[in-house]
Amino acid sequence: MHTLFSRMTSVAASAVMAVCTLNVFPVFAEDSTEKVTIHFEYNDPDISIAEDEDGNVPELKDFTANANDSVKLPDVLLEKDGYVFQGWTSDGVYGHAANSIIRTSDQDIVLEPVFSVYKDKTVYKIHYEVDFGDGNGIVDTSKQLKDVSAHPNEFIKLSFMSYQNEFKKSTGWTDGEHDFLQEQLLIMPSHDLTVTPIWHNRLTLKYYAGDFDDIVGATTAEFDVIESQKKDIATASRFARIGYKIDHWHCDYDDKDYAFLSSFTMPDVNVTMTAVWVPMDYNVVFVPGVSGAANIKVPGKTGETIKVPEMDAQREGYTFGGWTYEDVIYQPGDSLPHQGRSPRNGHRSPGSMAKGRRRTACNNNYFSCCHYYNFSCNYNHIFRNNICCNFRNNHS
């Protein structure tokens, strides 16, 4: 059974194509300093500019804009006896209403006014015909897509309806010669017109975290896309891995690397983007626990081995016995594998522990110095914040 999807707004309808709704020029936004001119061509002496709401006659002047950009047309209407002003066109096929958004290309644009005859009795029809090409014939869309009657040169907004089945999805309409976006304005020709859906294959864009034991959470994410659709590549927050962060993505289709939020045009096959991980930088912080003694920070990356530092601080009546982390005592000079910490808030941030307390600092592993010894035989076990600090004093 075929499934019918309706878009509730023009923005939602055009989003699937990743271009502007009223786009005449099928190009995409890019940074550009190149300028183009939008010129209004109306030499007919019977045409005049209509007064605005305040009774003033506005100016209608040519203007310049960036190439490959979106620009807004002036909110200016024209008048001509016996005719109704519809808007502007650059080609006689696509219409642009006053005060609407159009798309520039790298060429100057010449816009001419479009007028329909006032009280014209001539009427033609636009007929929508939907056929998936699967052998089931034309779909009955009479309840959703009724024929549209219009006068020649009248601007008609095409339907926002979209159709899809398991294999195909529509993203606009075509008369066999011109392609139109959903809700794009068409200038009614002097004949009946049949439009059919523009079909695209439904495909899967898959993100893969890779085969690692320390992945936290999901390892794949799949998105339903269509061929030729432009997509922004996912950011580093797509997956989480202990002690690592995603540096970029590698594409199996073209064997290229893609940065976060870079543009990717979907080919006619399924695509997998695999995360490329790099170890995170951390500080291993050794906390002396002695008044006035500064913490010792040893930098490193996940997977590296660091040397446990010496204790420079002194505590009267005690001898230093080692550094404690997660119930393990380390001695100065010991080799310590630099382990990453579990992610927090979607990022690879290590936990921070000092005497059992969570800290807000990121990218630090904390060691507590809570082992001081002397040579007497008395043991006092003092529990502070869930970390057992073992002391021996010399006053037994």
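Which ones in the stretch 272-292 are in a loop (DSSP other than H, G, I, E, B) and of a type in the set (Gly, Ala, Ser)? Don't jump to the end; show me each part of the working.
To start, the set of residues in the stretch 272-292 that are in a loop (DSSP other than H, G, I, E, B) comprises 280, 288-292.
Selection gives Gly289, Ser291, Gly292.
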Pairs, first in the same structural domain as Thr194 (by TED's automatic domain parsing) and within 14 Å of Pro197 (Cβ to Cβ) in the stretch 131-146, second of a type in the set (Phe, Trp, Tyr) and surrounded by 14 or more Cβ atoms within 10 Å (Cβ to Cβ), C-beta under 6 Å, six or more apart: Leu145/Tyr128
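Could you look through the stretch 223-242, keep only residues that are of a type in the set (D, E, K, R), within 18 Å of the chain's Cα centre (by Cα) and not in a loop (DSSP other than H, G, I, E, B), and pick out the one that is surrounded by the most Cβ atoms within 10 Å (Cβ to Cβ)? Spell out how you get there, then give the answer.
Of all residues in the stretch 223-242, those of a type in the set (D, E, K, R) come to 224, 227, 230-232, 238, 241.
Pick out the ones that are also within 18 Å of the chain's Cα centre (by Cα) and you get 224, 227, 230-232, 238.
With the extra rule that they be not in a loop (DSSP other than H, G, I, E, B), the set shrinks to 224, 230-232, 238.
On the way: Asp224: 10, Lys230: 14, Lys231: 16, Asp232: 12, Arg238: 19.
The qualifying residue surrounded by the most Cβ atoms within 10 Å (Cβ to Cβ) is Arg238.
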Residues of the stretch 293-325 classified as in a loop (DSSP other than H, G, I, E, B) and either touching a strand residue (DSSP E or B) at 6+ places or on another chain (Cβ under 7 Å) or free of Cβ contacts under 8 Å to residues at least 12 places away in the same chain (or both), total: 10
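If you check Asp120 against the conditions, is it of a type in the set (D, E, K, R), without any contact (Cβ under 8 Å) to a residue 12 or more places away in the chain and out of contact with any Leu (no Cβ under 9 Å at 6 or more places or on another chain)?
Values: of a type in the set (D, E, K, R): yes; without any contact (Cβ under 8 Å) to a residue 12 or more places away in the chain: no; out of contact with any Leu (no Cβ under 9 Å at 6 or more places or on another chain): yes.
Spelling it out, it is not the case that Asp120 is of a type in the set (D, E, K, R), without any contact (Cβ under 8 Å) to a residue 12 or more places away in the chain and out of contact with any Leu (no Cβ under 9 Å at 6 or more places or on another chain).
So which strands (runs of 3 or more DSSP E) stay within the stretch 45-125 end to end and still have 1 or more residues that are of a type in the set (A, V, I, L, M), under 21 Å from Leu193 (Cβ atoms) and at pLDDT below 95? Explain how you work it out, then say what you get.
Values: elements: 63-66, 70-72, 83-89, 101-103, 109-117.
The strands (runs of 3 or more DSSP E) meeting that bar number zero.
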In the stretch 213-222, residue surrounded by the fewest Cβ atoms within 10 Å (Cβ to Cβ) [restricted to those that are modelled with pLDDT under 95 and not small (Gly, Ala, Ser)]: Asp213
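On the basis of being touching a residue at least 60 places away in the same chain (Cβ under 8 Å), under 15 Å from Thr37 (Cβ atoms) and surrounded by 14 or more Cβ atoms within 10 Å (Cβ to Cβ), does Ser90 make the cut?
Taking the combined requirement at face value, the residue satisfies it.
The values are calculated or read from the model by the stated rules, or taken from the named source; none is laboratory data. These numbers come from a predicted model, not from an experiment. Here the Cβ is made from the backbone with ideal geometry for all residues, glycine too, and neighbour counts use every protein chain on show.
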